[in-house]
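Working notes, structure below.
The values are calculated or read from the model by the stated rules, or taken from the named source; none is laboratory data. Quick caveat: nothing in here was measured; it's all calculated off a predicted structure. Quick reminder, even Gly has a Cβ in these numbers, built from the backbone with ideal geometry, and neighbours come from all protein chains shown. These accessible areas exclude ligands, DNA and RNA; they are computed on the full protein's heavy atoms, side chains included. Shrake-Rupley method; radii C 1.70, N 1.55, O 1.52, S 1.80 Å.
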There are 2 protein chains.
Amino acid sequence: MYEGAVQDLIDELGRLPGIGPKSAQRIAFHLLQTDSDDVTRLVTALTEVKARVRFCEQCGNVAEADRCRICADPRRDQTSICVVEEPKDVVAIERTREFRGTYHVLGGAISPIDGIGPDDLRVRELMTRLASGEVQEVIIATDPNLEGEATATYLSRLLRDVGLTVTRLASGLPVGGDLEYADEVTLGRAFEGRRRVDA
Amino acid sequence: MYEGAVQDLIDELGRLPGIGPKSAQRIAFHLLQTDSDDVTRLVTALTEVKARVRFCEQCGNVAEADRCRICADPRRDQTSICVVEEPKDVVAIERTREFRGTYHVLGGAISPIDGIGPDDLRVRELMTRLASGEVQEVIIATDPNLEGEATATYLSRLLRDVGLTVTRLASGLPVGGDLEYADEVTLGRAFEGRRRVDA
């Protein structure tokens, strides 16, 4: 509907995840009316990301060198590996400041409906890391949904005979929430995982 | 939280309208994992828009020459001007194929709360166009909301003594809707604007 360049930009923006035709149009007009410097900064950021960012050869997290900042940090405990689905999960866990080990990013979760099996994830790379014998604990931190649970079950079976501690993040009531608003599955898990109170 | 280039991209994407931090992160990771060609196409589209697109010197619509495609089209009726707020409104009206005149894009609507008055819109340019004496009808097609109505009222007063036909798009029930779900104001307008049925 628009003239050449505007329509091209709307089309390209509309290909991005979560951006429909209306949002694409809104962003295109914003960019048209905005300062040229802002657009230049966005163009530079896009170009730089493709030029500089790759994936850590050890854990699969985003990195600007062969290894990511966490794997390259000598203060991180290399005997403990937290397995997550995506780089954004690493950021979420880092924000808690609870974990001082390293990560392993699978690059997704097992989902037969989307045709994603264990071979499509970085499972082989995980097994290679474990083969060194240095690792003592694997913490499975996949998402608490159907695909994440399937992945966690698959991994825990695979790791059963490797002879190391395998744990899974606790499910239960979210802190700050209302018990009456918790769904049945979460409440059921909270019961199942109840812990003795040390008075 | 992320390493340099990824965080820079997330920050730049987060500046776009309607894109929050979570969407920015999602788009950044999509672009990281996507084919380099897709990113190149997006970069080209962004650069081209800033290089090639400007605003029509006559109507204020987006254009890739001094005049937009509509103003430059000799088949369009130059005696009828439809006044809209934004270029996207031009596209919406063009889609109806009901109007064969030209447009005038104000670049927004009067909104005292946002500090936007008539001088911030392309009202003076509209008056200059009307001064040629060629125009016979002005159709005010601002949005049917508070700001659009205020702009329509302002314009209709301004044009009262110019000696041409000034009309406003009809308000009423949306076609295909249910009467019982119409809000009171719309239903009221539909009554007010009721038309005699020619049997």
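Worth a mention:
- Listed by position, the helices (runs of 4 or more DSSP H) inside the stretch B:97-199 whose residues that are among the hydroxyl-bearing types (Ser, Thr, Tyr) and within 24 Å of the chain's Cα centre (by Cα) number at least 3 are B:146-159.
Condition check ((1) of a type outside the set (D, E, K, R); (2) facing another protein chain (nearest Cβ under 9 Å); (3) assigned to a strand (DSSP E or B); (4) within 30 Å of residue B:41 (Cα to Cα)) across all residues:
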| position | (1), (2), (3), (4) |
| --- | --- |
| A:1 | yes, yes, no, yes |
| A:12 | no, yes, no, yes |
| A:27 | yes, yes, no, yes |
| A:38 | no, yes, no, yes |
| A:70 | yes, no, no, no |
| A:89 | no, no, no, yes |
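- Some residue of the stretch A:61-73 being under 16 Å from residue A:158 (Cβ atoms) and in contact (Cβ under 8 Å) with a residue 24 or more places away in the chain: no
- Filter result for the condition that a residue is farther than 30 Å from residue B:61 by Cβ, at the interface with chain B (Cβ under 7 Å from one of its Cβ atoms) and not hydroxyl-bearing (Ser, Thr, Tyr), over A:74, A:17: A:17
- Inside the stretch B:72-87, residues that are open to solvent by 20 Å² or more (accessible area, probe 1.4 Å) and not in a loop (DSSP other than H, G, I, E, B) make up a count of 4.
- Count - residues of the stretch B:88-123 that are of a type outside the set (Val, Ile, Thr), under 19 Å from residue B:149 (Cα atoms) and open to solvent by 30 Å² or more (accessible area, probe 1.4 Å): 10
Per-residue answers, yes or no, for (1) surrounded by 13 or more Cβ atoms within 10 Å (Cβ to Cβ); (2) aliphatic (A, V, I, L, M):
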| site | (1), (2) |
| --- | --- |
| B:13 | yes, yes |
| B:16 | yes, yes |
| B:32 | yes, yes |
| B:35 | no, no |
| B:59 | yes, no |
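- Residue count for the stretch A:75-91, restricted to those that are modelled with pLDDT under 95 and more than 18 Å from residue A:167 (Cα to Cα): 4.
- Failed condition for residue A:167, given (1) surrounded by 15 or more Cβ atoms within 10 Å (Cβ to Cβ); (2) modelled with pLDDT of 90 or more; (3) on the phi < 0 side of the Ramachandran plot: (1)
- Criterion violated by residue B:184 - all others in (1) farther than 25 Å from residue B:77 by Cβ; (2) open to solvent by less than 80 Å² (accessible area, probe 1.4 Å) satisfied: (2)
- Any chance residue A:32 is within 20 Å of residue B:39 (Cα to Cα), at pLDDT 90 or above and at the interface with another protein chain (Cβ under 10 Å from one of its Cβ atoms): no
- Leading residue by the ranking (farthest from residue A:43 (Cα to Cα)) among those in the stretch B:40-57 that are under 22 Å from the mean Cα position of the chain (by Cα), at the interface with chain A (Cβ under 8 Å from one of its Cβ atoms) and open to solvent by less than 50 Å² (accessible area, probe 1.4 Å): B:53
- Residue count for the stretch A:3-39, restricted to those that are closer than 16 Å to residue B:9 by Cβ and either more than 22 Å from the chain's Cα centre (by Cα) or of a type in the set (Asp, Glu) (or both): 6
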